[in-house]
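First comes the structure, then the notes that go with it.
The values are calculated or read from the model by the stated rules, or taken from the named source; none is laboratory data. Just so it is clear, the model here is predicted, and its values are computed rather than measured. Note that we place each Cβ from the backbone using ideal geometry, even for glycine, and neighbour counts take in every protein chain shown. Calculation scope for accessible area: heavy atoms of the full protein, side chains included, ligands and nucleic acids excluded. Shrake-Rupley method; radii C 1.70, N 1.55, O 1.52, S 1.80 Å.
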Amino acid sequence: MAKTVLNDIQKQAVEAVEKPVLIFAGAGTGKTRVLTQKIAYLIEEGGYSPHEILAVTFTNKAAEEMETRVKSILGKASIPLNIGTFHSVCARLLRQEISSLGYSSNFAIYDTTDQDSLIKSLLNNLNMKIDGFTPASYRSRMSFFKSRMEDPEVALKNCASPFDKSVAELYPAYRDALKTNNAVDFGDLLLFPLQIFHKHPKVLQKYQKQFKYVLVDEYQDTNQPQFQLVKLFSDLHKRITVVGDDDQSIYGWRGADISNILEFEKAFPNCDVFKLEQNYRSTATILAVAGAVVKHNEYRADKELWTDEDEGAMIGVMETYDEMEETDGVLELIQQEIQQNKRTFRDFVILYRTNAQSRALEDGLRRKGIAYNIVGGLKFYERKEVKDLLAYLRILVNPLDSVSLKRIINFPSRGIGAKTVEKCEALAAKKRAPLLDILNQPEAMKLKGKQAAGLVEFYHIIQKYRELKDKLDASELASVLVDELGLVNFYKQQVTEEAMDRLQNVQELLNSIHQFCERNKDATIREFLEDVSLLSDIDSWNDNNNQVTLMTLHSAKGLEFPVVFITGLEDGLFPIARSVEDQDQLEEERRLFYVGLTRAREKAYLHYAPNRRRSTGAVGFGQASRFLQEIPEKYLDRINFHSALTRRLVKDKGGDGYQLKHVRTITSFNEFQRGDKVEHPIFGKGMILAVEGAGDNQKITVVFQGNIEKKLIGKYANLKPIS
């Protein structure tokens, strides 16, 4: 076997093959190295054939990396290995065995789009749809039922709301429709093998004899069906190794069951347990802080990460007034890191709890001309719910915009289908009239009932707000439009994570418009739309690969960066409000913080803004996150930072005129801040008027005695504070 350096615990875990093995692998402790080395060890030293080993994980990327590493260790590029995701392994099994359930082997696997289309058809045919709930809402809820292994009958008994009752009633029809189409969904891929094994024990015995050793990656993320599959595959021989970290279990909301890893010893008695605690990624300070917070969880295994690396920098903590100032603070720290530590944009990741938080960050990065990349999500102004509301605003400004009109003519649903729109377009072409004007003439297209009423309703809404757009400022107009469309209730009634994210994004767009109006008095909707358009079209001067990364904390799992920013650390945002009264959810939020912090190799900055605009639209006075309060003060570097909105006259490009521009100016950063009294060796005593920039390029404006104003380079100013 190819020589790879393993520490003592890793080596013991690799060579333990006689009993069930549980490996607690903390963040950055070499989990993948141990797994791949163990597969190679089983083949070269344990006497196992490659086809007798089954290794499962959660993503195709992880499976491909494992397979590549194993082949590299063995020096055999063509060796056949059974390494794959739970879903891919089960799909291969079902191609061989699904006939026993009445399906043919060429079954289709429906993705979420296929599922939503089927559910939409069923809801219409059965006349079951509840207003405000989309097919995606039903699909998400049925997926959750499947992850809990709840049959339709059980789900119906346990339903807690009219929506859950409707989902449970649709469940059997959906299941039957899939079978009629010889199709399965992702939940079925896990459940159907269990059904086959239950009905046909000889089929189970066949796979138990084939897979003589089972390995499971990211075991803390397994749900009940996945646990049952792993248990059944290994029940005959008890040769199983699972690797995971309960402190990184962050997917309970989609069915992952942390008890699978914490109670492994109950399912597999007489097992060997190994704890990988030596971290090869982060500094000692980062690990100490992450550990100090996650230790507040009661339901966890006892372990503590350590490293041979240096203590490293203290954890930066920055309180700012609101999300706009938070963005300024992040950008100043990025500039400082680049200047002082020769970093590039790709060294930074900015993490947040909800997608809506990216809006202020994106706006700031765009204005600075800094290239960025959103991982695991669309850029803010490209999200569907944001584009839907922007389309309403665009049609108010430009009634000839047929693209925007067609986008939102049936949003929220008014019973206006594609055929009705085609009739409207045909009449508009015939009369050579704008499409909007035709909507008030349903009788000319022989339309009646729901379609006619929907067209007229939409027409009057647009006309009403076209008249209001010159009487209200942009913020007021957008807010009352959202109220009239009933978008808050539309999303709230769907009771899904996705719908709540969409609602937050709608509210964040309203916040964006409000802040635009604060910067530009009496701003119109046209001016806001123009501003958004220009921001979206800025050409980044950086190389595409040299970008600041933005992502949610959930998306960051498995990644690492030299410098990590965690933003929005206020109670109610992180931890999220719904978790505060639920101990299990609060512990998962704490694990999410642990995951975010342990993405950092060298440095981490934590940010909170007590006056962040909330999803209600109000500016809430928020408390610093309880997670910040759980960090020992000795590890924290509290950074003083303030910025202010100022006005400057900027010369027009290519012209002789000037225009007033609103810019944010840094008034304090670290040592000095606006209003401080200082003394200079030559100019004497004075008071600081402004502080701009950071690091070597920091500029400090001081007014000295005699009303002498000087702008000094902070690095060379030799200023001394006067108490």
Might you report the magnitude of the Cβ-based charge dipole of the chain about its Cα centre, with Lys and Arg at +1 and Asp and Glu at -1, to the nearest 20 debye? 1720 debye
Any idea what log10 I(q)/I(0) is at q = 0.09, 0.20, 0.21 Å⁻¹ for region 309-446, Debye with uniform C-alpha scatterers and no solvent? -0.49, -1.19, -1.27
Quick check on the chain: helices-only [θ] at 222 nm, where DSSP H runs of length 4 and up contribute -39,500 (n - 2.57) each and the sum goes over total residues. Nearest 500, please. -13500 deg cm²/dmol
Placing +1 on each Lys and Arg Cβ and -1 on each Asp and Glu Cβ in the chain, then taking the dipole about the Cα centre, the residue among 358, 605, 491 whose Cα reaches farthest towards the positive end is 491
Estimated distance in nm for a label pair at residue 522 and residue 18, the labels positioned 7 Å out from Cα along Cα-to-Cβ: 8.7 nm
Under Karplus coefficients 6.51, -1.76 and 1.60, residue-wise ³J(HN,Hα) of region 256-268 in Hz, glycine/proline x: 4, 10, 4, 5, 4, 8, 6, 10, 4, 5, 6, 6, 10
Considering only 118, 189, 161, whose Cα is most displaced toward the positive end of the charge dipole of region 106-238, charges sitting on Cβ of Lys, Arg (+1) and Asp, Glu (-1)? 189
Under a 1.4 Å probe, what is the accessible area of region 477-533 per residue, stated in Å²? 43 Å²
Using unit Cβ charges (K, R positive; D, E negative) and no other charged atoms, how large, in debye to the nearest 20, is the dipole of region 107-179 about its Cα centre? 60 debye
Added length on full extension, which subtracts the Cα-Cα distance from 0.36 nm per residue, residue 100 to residue 560: 161.1 nm
Show me, bin by bin at 10 Å from 0, the whole-percent P(r) of the chain based on Cα pairs. 2, 12, 19, 22, 20, 14, 8, 3, 1, 0
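Report, in listed order, any pair from 387/431; 120/406; 165/387; 120/179; 179/199 with a Cα-Cα distance greater than 22 Å.
Listed pairs above 22 Å: 387/431; 165/387.
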Heavy-atom accessible area per residue - region 322-376, 1.4 Å, Å²: 28 Å²
Quick one: compute a quarter of the convex hull surface over the Cα atoms of region 1-140 and quote it in nm². 12.9 nm²
Give me the extension gain from residue 446 to residue 79: residue separation times 0.36 nm, minus the current Cα-Cα distance, reported in nm with one decimal. 125.3 nm
Cut-off 11 Å, label 7 Å out along Cα→Cβ of residue 236, residues of region 190-206 by amide N: 202-206
Cα-centred dipole magnitude for region 229-284, charges only on beta-carbon of K, R (+1) and D, E (-1), debye, nearest 20: 200 debye
Go ahead and run the numbers for FRET between residue 497 and residue 456, Cβ-Cβ distance against an R0 of 35 Å, rounding to 0.05. 0.50
Keeping all protein chains in place and using 1.4 angstrom, which order do 300, 414 fall into by accessible surface area, from largest down? 300, 414
At a 1.4 Å probe, what is the % contribution of carbon and sulfur to the accessible area of the chain? 48 percent
DSSP beta bridges in the chain [antiparallel fraction, %, rounded to 5]: 40 percent
With a probe of 1.4 Å, find how much accessible area region 540-603 has per residue, and write the answer as a whole number in Å². 34 Å²
